1. Karplus couplings for the range 11-21 from phi (6.51 cos²θ - 1.76 cosθ + 1.60, θ = phi - 60°), rounded to Hz, Gly and Pro as x?
2. Using 1/(1 + (r/R0)^6) with R0 = 22 angstrom and r between the beta carbons of MET118 and SER43, what's the FRET efficiency to the nearest 0.05?
3. Normalised by the residues of the range 67-182, what does the relative contact order come to in percent, with Cα pairs under 8 Å and at least six apart?
4. Find the Cα radius of gyration of the range 1-130, compare it with 2.2 N^0.38 Å by division, and give the number to two decimals.
5. Given the peptides 43-51, 94-102, arrange them by the average over their residues of other C-beta atoms within 10 Å, most packed first.
6. Measuring with a 1.4 Å probe in the full set of protein chains, what accessible area per residue, in whole Å², belongs to the range 1-133?
7. Could you tell me which of the pairs LYS40/LYS157; LYS39/LYS164; LYS25/LYS176; LYS111/LYS172; LYS64/LYS111 are separated by over 31 angstrom between their Cα atoms in the structure shown?
8. Quick check: at a probe of 1.4 Å, how many percent of the accessible area of the range 4-179 sits on carbon and sulfur atoms?
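The values are calculated or read from the model by the stated rules, or taken from the named source; none is laboratory data. Given the structure is predicted, the values throughout are model-derived calculations rather than measurements. Positions of Cβ are backbone-derived with ideal geometry, glycine not excepted, and every protein chain shown enters the neighbour counts. Each accessible area value is taken on the protein alone, full model and side chains, heavy atoms only, with ligands, DNA and RNA left out. Shrake-Rupley method; radii C 1.70, N 1.55, O 1.52, S 1.80 Å.
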Amino acid sequence: MFMRIALTGVPGTGKTAIADALAAKGFEVICLNEIVDKKKLWSGKDGFGSRIVNLRKLEHETNKLLSKKRNCVVEGHLACEMKLKCDLVIVCRTKPHVLESRLRKRGYPEKKLNENLMCELLDYCTIKSLGNYRKVYEVETSKNVKKNIEEIMRIVKGKGEKFKAGWVRWGKELRKTVLEGG
Ligand SMILES: Nc1ncnc2c1ncn2[C@@H]1O[C@H](COP(=O)(O)OP(=O)(O)O)[C@@H](O)[C@H]1O
Ligand SMILES: [Mg+2]
């Protein structure tokens, strides 16, 4: 059975770590950021210093590449913004306080950190994925990559019903952040 997986999620939620582990299981890894670099699919930077990517071209280039692949993982937060020719999408979800400390370690400036935390709290990548793909799943990547790989293998085998998008809810954390100021 061949499977093309799109792996998305807010920066810091573990996409690269999971893609590396899936590579060891025989999946070829395609990094959207690398395609953006190689094909120069960006023009200028936004207020956070992030590149402004031409999504239409990125989608086209990635799908061209995907048409020649069998078992592969397309990794990148932008996967949720496009319709890639993948069989399913997995959204990496991390507990907001864990994500915060990961992004702090990366040295994200406050504004960028808050923007990304807000995306995680508001299910941004999940909602976008549901708008662009038919099969969307979520795994919680706060703790254990090995466990996540087992979960993803279950999803790949069609036994991941309980991971269907919608089960991750940060309502409690959101209330704390918004109503109580963090
Ligand atoms: N499932 C996980 N459990 C615990 N730590 C993780 C997990 N996934 C990633 N990490 C850690 O979190 C950090 C960010 O992960 P990374 O894979 O670079 O995220 P992304 O590619 O989504 O930006 C890394 O230090 C990584 O080791
Ligand atoms: Mg990464």
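1. Once θ is set to phi - 60°, the couplings for the range 11-21 become x, x, 8, x, 4, 5, 4, 6, 4, 4, 5 Hz.
2. Plugging the Cβ-Cβ distance into 1/(1 + (r/R0)^6) gives 0.30.
3. It rounds to 31 percent for the range 67-182.
4. Working it through for the range 1-130, the quotient is 1.04.
5. Top to bottom by mean Cβ count within 10 Å: 94-102, 43-51.
6. With the other protein chains kept in place, the range 1-133 gives 51 Å² per residue.
7. Checking Cα-Cα distances, LYS40/LYS157; LYS39/LYS164; LYS25/LYS176; LYS64/LYS111 exceed 31 Å.
8. That share works out to 51 percent.
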